[in-house]
Amino acid sequence: MRERDLRVLRAELGGSQEAQLKDRIFHGAVGPAAALHGLGAFPSSRGRPAAAAPDSPVLLSLQSKLQSWSKGYSCSGVVGRDVGQLLQAAIQRQSHDINVMVVVNDTVATMMGCRLGTKPCEVGLIVGAGTNSCFMEEARYVESLDDNEGRMCVNTEWGTFGDTGAMADILTTYDEHVDAGSLNKGKHRFEKLIGSLYLGEIARLLLVQLAQDKALHAGGTTPQLRTQGMVTALEVLNISEDQGGLAAAQCLLQKLGLQPSDPDCFTVQQVCLAVVTRAACLCATSLAAMLTHMRKNRELPQLDVCVGVDGDTFQCTATLVSAVDDSRAQGVAVVAAVALRLEAQRREVDQLLQPLRLAPRARQQVQALLQCEMERGLRQETHAQASTRMLPTYVRATPDGSERGDFLALDLGGTNFRVLLVKLRSREAGGICMVSEIYSIPPEVAQGPGSQLFDHIVECIVDFQTKQGLWGRTLPLGFTFSFPCQQKSLDQGILLNWTKGFTASGCEGKDVVELLREAVRRKNQFDLDVVAIVNDTVGTMMSCGYDDPNCEVGLIVGTGTNACYMEELRNVEAVPGAEGRMCINMEWGAFGDNGCLDEFFTHFDAQVDRVSLNPGKQRFEKLISGMYLGEIVRMVLVELVEKELLFQGRPCPALQTPGIFPTKFLSTIESDGLALRQASAVLQNLGLAASVEDALLVRKVCQVVSLRAGQLCGAALAAVAEKIRDNRGLAQLAVTVGVDGTLYKLHPHFSQHVQQTVKELAPRCTVTFLQSEDGSGKGAALVAAVACRIAQSRAAPATGQ
Ligand code: G6P
Ligand code: BGC
């Protein structure tokens, strides 16, 4: 017998070899650890672990493809197939009413079925015909997962450790023989060192060698001894027992047709002890490697877990919880019960959220409905019934780069109120340079007397002029006023109604430019030359049009939402003339206020509308914009709690507070990477202790609500693009959309949702999205510059004569 084999056999694995083996086990030599678990005890890969599948917060998935057979199984037509389905099909063939809920690996069933008192096991270990283990891994280390929060049970399939040659220096010739004689040569090398299917054969081959070396039975062998499988693992285990081991050895040798002497029996016992001890050591070593891995990944100085290893080299205290008779059955039942509960919950959650999902047909419908409303808004006889008021802006062209001069600009209506100084120069002289100051509009000013609001605006202008040393100069001013205004000219805008939380009294139905001028007169300190009032969509289109002349659409998705575009003047019946184009402020926020969108409003939307400052108004805006998305999510969460689908139905008073879940939470919770940690943090700050499932569900609700908003916005924009293409009788249109607004700019996925929907619904339009960097204040200054240029050119001839 070769010295190295005996030494290894006797498992005289010194510390260093054990450590080496330990390292090798968890540095990629172990077989493809399949997230979750496989059928019974065979390696199977799951479909993408669903743990984080965007739209199902269940922690189990039912698909389980068999990767390879082991332990003597080799049925054809199963490898690579979903064994859950195969079983279900077999059940149906025999027309039993049984529904396969889950497919679990035996290590997982063992883990799930065992607990020490109240402490659940987090490691499952099988050392039987085969060997394998599973453990609860930190999800962030399971790269195949979409998400990295919480934990995921990983089935290591360590039976295949060494299949890539990592254990070549440990395998003995006997192991090679066992492998060569097995059904799956070269596979499951580690299992073949430990599993009871192989221990007997290893021992038999050793006995044959010993006999050949005349170290056993004086060299005599028998056909039985030379016959594969004649020694069982049970015999090996019994023989290695102190009590009765020698007697068992004798029985075995007699069974093998030998007349054993006492030394023979002792030799056989040594051999069996070596085989068993090596197997146990290998198993313990890999377990130790796994526990160390868990401790490291959990960044714990000490790991306390329910598994059994000894030896103080491991900084782990582990307790082995041996499975009682039906633990595995219990384990499978527990997993099935969990799956049933989660499946039922998932169905109930999907049912609750279904109305918030927009099928392709619904998206087309919204597009068609808006196209119809646009036509009605443009035509005089139907304008009054249209929900989109299609307001002429008297902006007839986008900038041509010849604009010059210094302009003041105001930007009111978004998150911030800005006063700007915009200097327009030739590109050679630096093009456009701007300085601006942000001022707040406190709610009591936005919702107080109108005069107070405009006095506040004037105070800000005074502050700005002082800071910029503009006293004594009356610069032309462009006023971005982001509310629906009926305009009869560039510098006059009758406020039709407030939106976005503004309700200042005495303004609706008034010319806001006049209201501003009155406030300046009240201040009586300086003059203001308001030459243009523009909507923020128009300002944004102009601002982006300065860099891209193809920009003929302006889109805002921020606190509110709206769009404008360059319409053929012949279609704008409210404005005389048929030549050229005019920018139309669609005021699409009010789309559906006439009921044309009612089938798309859910009871959540109705609740949000009911508690808003302007019930029944701005219905489309309330499905899309930043002021409302958080509220829709809050309403859904409240209902999920009531239905005990969230936070286990624990009362959440915090969620009853309007505005407690601002839309920026959606951006945080839906951001890629660490999303669930963010979700938990957001909920924590609201005093809501969230489980991983809760955080996943909250994220799902955010995703569904923001996806719908993005698709609705995209469907509306597709209607605009198609209108322009149709107006111009083009087979294919290329157009740029200037965009602004915090929701579009800051939400991680909103812009994609919009762009994908535009592509889907306006395939004959190539739409480029250009985010406005300088806001619409610059646009207002450009409109003012164009107005001044036109006024000067009109004034010029008069002086020429
Ligand atoms: C920018 C524009 C504003 C516009 C706002 C909309 O800031 O300059 O004119 O009203 O975007 O977005 P917000 O998210 O602020 O409502
Ligand atoms: C207003 C629009 C504005 C939009 C975006 C809406 O509430 O009615 O005029 O363009 O918000 O700010």
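The values are calculated or read from the model by the stated rules, or taken from the named source; none is laboratory data. Since the model is a prediction, treat every value here as computed from it, not as a measurement. So basically every Cβ, Gly included, is an ideal-geometry build from the backbone, and we count neighbours across all protein chains shown. The area values use the complete protein model at the heavy-atom level, side chains included, leaving out ligands, DNA and RNA. Shrake-Rupley method; radii C 1.70, N 1.55, O 1.52, S 1.80 Å.
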Restricting to segment 123-327, compute how many DSSP beta bridges are antiparallel as a %, nearest 5. 75
Pull up all non-local amide H partners of C551: gap of 5 or more, or a different chain, and H-to-H distance under 5 Å with H placed in the peptide plane. T736
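I'd like to check one number: the per residue accessible area of segment 622-718, probe 1.4 Å, reported in Å² as a whole number.
Numbers: 3180 Å² over 97 residues.
Value for segment 622-718: 33 Å² per residue.
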At a 1.4 Å probe, what is the % contribution of carbon and sulfur to the accessible area of the chain? 53
Within the chain, percent of DSSP bridges classed antiparallel, to nearest 5: 65
Which of the peptides 207-213, 771-777 is most tightly packed, and how do the rest follow, judged by the mean count of other Cβ atoms within 10 Å per residue? 771-777, 207-213
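Among 386-398, 588-600, how do they line up by average Cβ neighbours within 10 Å per residue, starting with the highest? Could you put the intermediate results ahead of the total?
Values: 386-398: 23.5, 588-600: 20.8.
Ranked by mean Cβ neighbours within 10 Å, highest first: 386-398, 588-600.
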Most positive-pole-ward Cα, T388, L453, L412, against dipole of segment 382-464 from beta carbon charges: T388
Placed amide H near E567: partners under 5 Å, 5+ positions off or other chain: M582, C583, I584
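In square nanometres, what is one fourth of the surface area of the convex hull spanned by the alpha carbons of the chain?
46.3
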L183 to A362: FRET efficiency via 1/(1 + (r/R0)^6), r the Cβ-Cβ distance, R0 41 Å, to the nearest 0.05? 0.15
Any idea how far apart N416 and Q771 come out in nm if each label point goes 7 Å out from Cα toward Cβ? 1.5
Compute the label zone of E375 within segment 691-721: residues whose backbone N is under 18 Å from the point 7 Å along Cα-to-Cβ. 716-721
If you take the beta carbon distance between T173 and N99 as r and set R0 to 45 Å, what does 1/(1 + (r/R0)^6) give as a FRET efficiency, to the nearest 0.05? 0.35
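Counting only other residues whose beta carbon sits under 15 Å from that of P549, what net charge do I get with K and R as +1, D and E as -1? All intermediate terms of the calculation are to be shown ahead of the outcome.
On the way: positive: R396, R427, R581; negative: D400, E403, D547, D548, E552.
Residues close to P549 contribute a combined charge of -2.
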With only Lys, Arg, Asp and Glu charged, each at its Cβ (+1 for the first two, -1 for the last two), find how big the charge dipole of segment 123-327 is about the Cα centre; round to the nearest 20 debye. 620
Per DSSP H run of n ≥ 4, the term is -39500 (n - 2.57); total these for the chain, divide by its residue number, and report the mean residue ellipticity at 222 nm rounded to 500 deg cm²/dmol. -13500 deg cm²/dmol
On average, how much accessible surface per residue is there in segment 123-327, in Å², for a 1.4 Å probe, leaving out ligands, DNA and RNA? 41
Considering the options G113, P263, V636, tell which one lies farthest towards the positive end of the dipole of the chain, charges being +1 on Lys and Arg and -1 on Asp and Glu at the Cβ, about the Cα centre. V636
Relative pair counts by distance (%), Cα atoms of segment 123-327, 10 Å bins: 8, 30, 30, 20, 9, 3, 0
Mind listing the long-range amide H neighbours of L733? Cut-off is under 5 Å, sequence gap 5 or more, other chains count too, H placed in the peptide plane at 1.01 Å from N. C765, T766
Which of G159, M230, Q212 sits closest to the plus end of the dipole of segment 123-327, meaning its Cα is farthest towards the positive end, when Lys and Arg get +1 and Asp and Glu get -1 on the C-beta? Q212
When the dipole is taken about the Cα centre of the chain, and only Lys, Arg (+1) and Asp, Glu (-1) are charged at their Cβ, what size is it in debye, to the nearest 20? 820
Sequence order, segment 533-541: Karplus ³J(HN,Hα) from phi using 6.51 cos²θ - 1.76 cosθ + 1.60, θ = phi - 60°, Hz rounded, Gly and Pro as x, gives 10, 10, 7, 4, 5, 5, x, 5, 4
Residue-ordered couplings for segment 351-356, obtained by feeding phi - 60° into the Karplus form 6.51 cos²θ - 1.76 cosθ + 1.60 and rounding to whole Hz (Gly and Pro as x), are 4, 5, 8, 3, x, 8
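Reported to two decimal places, what Rg/Rh ratio describes segment 75-118 when computed on Cα atoms with Rh from the Kirkwood expression? Don't skip to the answer; put the middle values down first.
Details: Rg = 14.4 Å, Rh = 12.7 Å.
When Rh is taken as the Kirkwood radius, the ratio is 1.14.
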For L516, what is the net charge nearby, where nearby means another residue's Cβ is under 13 Å from its Cβ and Lys, Arg count +1, Asp, Glu -1? -3
Per-residue HN-Hα couplings for segment 486-502, Karplus 6.51 cos²θ - 1.76 cosθ + 1.60 at θ = phi - 60°, whole Hz, x for Gly and Pro? 7, 10, 10, 7, 5, 10, 9, x, 8, 6, 7, 6, 6, 9, 6, x, 8
Please compute the net charge surrounding S402, taking Lys and Arg as +1 and Asp and Glu as -1 over other residues with Cβ under 12 Å from its Cβ. +2
Distance in nm between label sites at D304 and E437, each 7 Å beyond Cα in the beta-carbon direction? 6.1
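Between R347 and Q732, take the C-beta separation as r, use R0 = 45 Å, and let me know the FRET efficiency to the nearest 0.05.
Working: r = 44 Å, r/R0 = 0.98.
FRET efficiency, R347 to Q732: 0.50.
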Between S76 and H383, what is the label-point separation in nm under the 7 Å Cα-to-beta-carbon projection? 8.0
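Check each of the trypsin sites (Lys or Arg not before Pro) in segment 115-210 and keep only those in coil by DSSP with at most 15 other C-beta atoms within 10 angstrom; list them in order. Before the final figure, lay out the partial values.
Details: sites: R115, R140, R151, K185, K187, R189, K192, R204; in loops: K185, K187, R189.
Here the sparse-neighbourhood loop sites are K185.
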Full-extension gain between Q228 and Q243, please, as 0.36 nm times their residue separation minus the C-alpha to C-alpha distance. 2.7 nm
